[in-house]
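Heads up, the thing below is written out as structure tokens.
The values are calculated or read from the model by the stated rules, or taken from the named source; none is laboratory data. This one's a predicted model, so the numbers in the text were calculated from it and none came from an experiment. Don't worry about glycine lacking a Cβ; one is built from the backbone with ideal geometry, like all the others, and counts go over all protein chains shown.
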Amino acid sequence: MIIMESRIAGGEDTLQRLAALYYGRWELFFLIYEANRAVIGNIDGLRPGMPLQIPAPQQQELRHVVGEGDSWEALSLTYYDTEHFARLLRKANGGIVIYESIGTELIIPALVTPGELEAASRRRAA
């Protein structure tokens, strides 16, 4: 996992707000949660003053050839550092049954584009 930035949680911060602030997309909050699970504890455990690491999201589309034992959850963990994007992977690949598709090339979609990250960075700086 590559850390994009560190910060201290503020009083109005939620995981969703932080994801919107750093990525421009609130639904990517699981990236921040997984990177900080040891500090936060449960998903509703974010408190002011907690030190946080903001991980860099996957910014480019990749390819993966299905191998023995692959699952959507395992691929999500491998490429996104969290199992929570398994549904995104399945949808991006037409909902195929992965264990019946050994040797098939899959699309691993980017979570955000570089442009979206740049726009989020400009909003933070404003």
**OP:** Within region 69-126, count every residue that is within 22 Å of Asn36 (Cβ to Cβ) and of a type in the set (Ser, Thr, Tyr).
**Re:** 6
Original post:
Considering region 41-64 alone, what residues qualify as being over 17 Å from Glu116 (Cα atoms) and touching a residue at least 12 places away in the same chain (Cβ under 8 Å)?
Top reply: Ile43, Leu46, Arg47, Pro48, Gly49, Met50, Pro51, Leu52, Gln53, Leu62, Arg63, His64
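So that you can scan it fast, the table gives a plain yes or no per residue for (1) within 11 Å of the chain's Cα centre (by Cα); (2) modelled with pLDDT under 95:
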{"residue": "Tyr33", "(1), (2)": "yes, no"}
{"residue": "Asp44", "(1), (2)": "no, yes"}
{"residue": "Leu52", "(1), (2)": "no, no"}
{"residue": "Ala56", "(1), (2)": "yes, yes"}
{"residue": "Leu62", "(1), (2)": "no, no"}
{"residue": "Gly67", "(1), (2)": "no, no"}
{"residue": "Ser71", "(1), (2)": "no, no"}
{"residue": "Ala74", "(1), (2)": "no, no"}
Original post:
Do you know which residues across region 101-126 are surrounded by fewer than 10 Cβ atoms within 10 Å (Cβ to Cβ) and modelled with pLDDT of 95 or more?
Top reply: Gly103
Original post:
If you scan region 42-53, which residues turn out to be under 14 Å from Thr82 (Cβ atoms) and either assigned to a strand (DSSP E or B) or among the hydroxyl-bearing types (Ser, Thr, Tyr) (or both)?
Top reply: Gln53
**OP:** Please go through region 72-126 and pick out each residue that is among the aliphatic types (A, V, I, L, M), in contact with a helix residue (DSSP H, G or I) (Cβ under 9 Å, 6 or more places away or on another chain), part of a helix (DSSP H, G or I) and under 15 Å from Met4 (Cβ atoms).
**Re:** Leu117, Ala120
Original post:
Got at least one residue in region 26-33 being in contact with a Lys or Arg (Cβ under 9 Å, 6 or more places away or on another chain), part of a helix (DSSP H, G or I) and either aromatic (Phe, Trp, Tyr) or closer than 23 Å to Ala126 by Cβ (or both)?
Top reply: yes
Original post:
Which condition breaks for Phe85 when tested against (1) under 10 Å from the mean Cα position of the chain (by Cα); (2) exposed (fewer than 14 other Cβ atoms within 10 Å of the Cβ)?
Top reply: (2)
